[in-house]
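The values are calculated or read from the model by the stated rules, or taken from the named source; none is laboratory data. Source: prediction; values computed, not measured. Every residue, glycine as well, gets a Cβ built from its backbone with ideal geometry; the counts of neighbours run over all protein chains shown. Accessible surface areas use protein heavy atoms only, side chains included; no ligands, DNA or RNA. Shrake-Rupley method; radii C 1.70, N 1.55, O 1.52, S 1.80 Å.
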Amino acid sequence: MIRSKWKVRRFYPLLFACSLVLAPAALAEDSAAEIGRKLSDPLSNVWALFTEIDYNWSEGDFTNGQWRTGQAVVFQPIMPFSLTEDLKLTTRPTIPMIRTDIPVGRRYNTVPINDATEIVYPDGSAAFDDYSGMGDITLPMLLFSAKKKPGQRWGFGGGPSFVFPTATDDELGTETWQAGPGAVVSYKGDHFTAGVFGSYWWNFAEKNSDAEDTSHGSLLYWYWYSLPDAWQIGLGPTITYNDKAESDNKWNVPVGLSVAKMTKVFGVPVKFQFGVEKSIVRQEDYGKDWTVKLNIIPVIPSLQKTPFF
């Protein structure tokens, strides 16, 4: 059965308009270039409404060499809280809205569904269904030190990360409650920011009795070089690994190049970012091959005035 398509593009103006309404002028004491650099670091003190719009091309043995397209809008509010004068907690819940083709009998993460019938034709291609809706929500909660020595370049953070079974279709999620560790390491040079942010999850409860065990992770790696006039050039792909997938379908490793510009829209600091990624390793059966990304990241004022403790 083919599902009706969710018109992702209709939500772009609405998401951006909501961001502008919520984001009066913030961090006026910082230059646009400095705000842009802070937004490149998960351990910064900047509050923002991160929105990513993806358009991707996927292929594999199941497509018999033909690309299939998909879209996603990822909404990720960035909220660093001060627990004490010296300790911060940053949260970056990831809320994905997805429109994609999925092989019959498989999930969005390429793992086969227990007892589901896969339809594979003699030429090796598979039957596909079109799915649209919300995926599973991810919530990392990372602790890091807010007190830095003069000239300190390294930053470290860590804590638990959770995945909630919020997918509107079983095929778009895992149907399990998941938890695991998350950690980030960042480095700030004179003109660049670099680092890695990794998470790994295992299921600890099932939403439905037929859900499978999960064991998977992701690793965001980034490098951003600052250019004049608040421009940046760099990269920020996310490597994914799924231990429960078949041997040739565990990894997706993208590389890419992005450009970013920090500016003001109606007095609001907003970072625009555009990039292209190519997966040098992807799932053999069916996986993302090319991705085009547009990020719209308005800065908002902190909702916290004083530390909790």
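V185: in contact with a Gly (Cβ under 7 Å, 6 or more places away or on another chain) and either part of a strand (DSSP E or B) or surrounded by 16 or more Cβ atoms within 10 Å (Cβ to Cβ) (or both), yes or no? Yes; evaluated as a whole, the condition is true for this residue. Considering region 127-148, and only residues there that are outside any strand (DSSP E or B) and open to solvent by less than 50 Å² (accessible area, probe 1.4 Å), the residue that is nearest to E246 (Cα to Cα) turns out to be A127.
Selection of strands (runs of 3 or more DSSP E) fully inside region 237-299 by the criterion of at least 2 residues being of a type in the set (V, I, T) and more than 16 Å from Y221 (Cβ to Cβ) returns 251-265, 268-281. Filtering region 188-213 to residues that are outside any strand (DSSP E or B), closer than 30 Å to W154 by Cβ and open to solvent by 90 Å² or more (accessible area, probe 1.4 Å) leaves D190, H191. Just one of (1) open to solvent by less than 30 Å² (accessible area, probe 1.4 Å); (2) part of a strand (DSSP E or B) fails for W57. It is (1).
In region 260-293, which residue that is open to solvent by less than 60 Å² (accessible area, probe 1.4 Å) and touching a Phe, Trp or Tyr at 6+ places or on another chain (Cβ under 6 Å) is farthest from R107 (Cα to Cα)?
K261
Filtering region 41-54 for residues that are over 30 Å from A183 (Cβ atoms) and modelled with pLDDT of 90 or more leaves an empty set.
Of the residues contained in region 80-88, none is found to be crowded, with 19+ Cβ neighbours inside 10 Å, charged (D, E, K, R) and not in a strand (DSSP E or B). Just one residue in the set G105, G159, G151, G124 is at positive phi and open to solvent by 50 Å² or more (accessible area, probe 1.4 Å); that residue is G151. Listed by first and then second residue, the pairs with beta-carbon distance under 8 Å, at least 6 apart or on different chains, first residue in region 135-148 and more than 30 Å from T176 (Cα to Cα), second surrounded by 20 or more Cβ atoms within 10 Å (Cβ to Cβ) and of a type outside the set (D, E), are S145/K88; A146/K88.
Here is a check on your reading of the model: is T168 open to solvent by less than 50 Å² (accessible area, probe 1.4 Å), out of contact with any His (no Cβ under 6 Å at 6 or more places or on another chain) and assigned to a loop (DSSP other than H, G, I, E, B)? Here the answer is no, as T168 does not meet what is asked. Taking the condition in contact (Cβ under 8 Å) with a residue 40 or more places away in the chain and β-branched (V, I, T), does T168 pass? So T168 fails the test.
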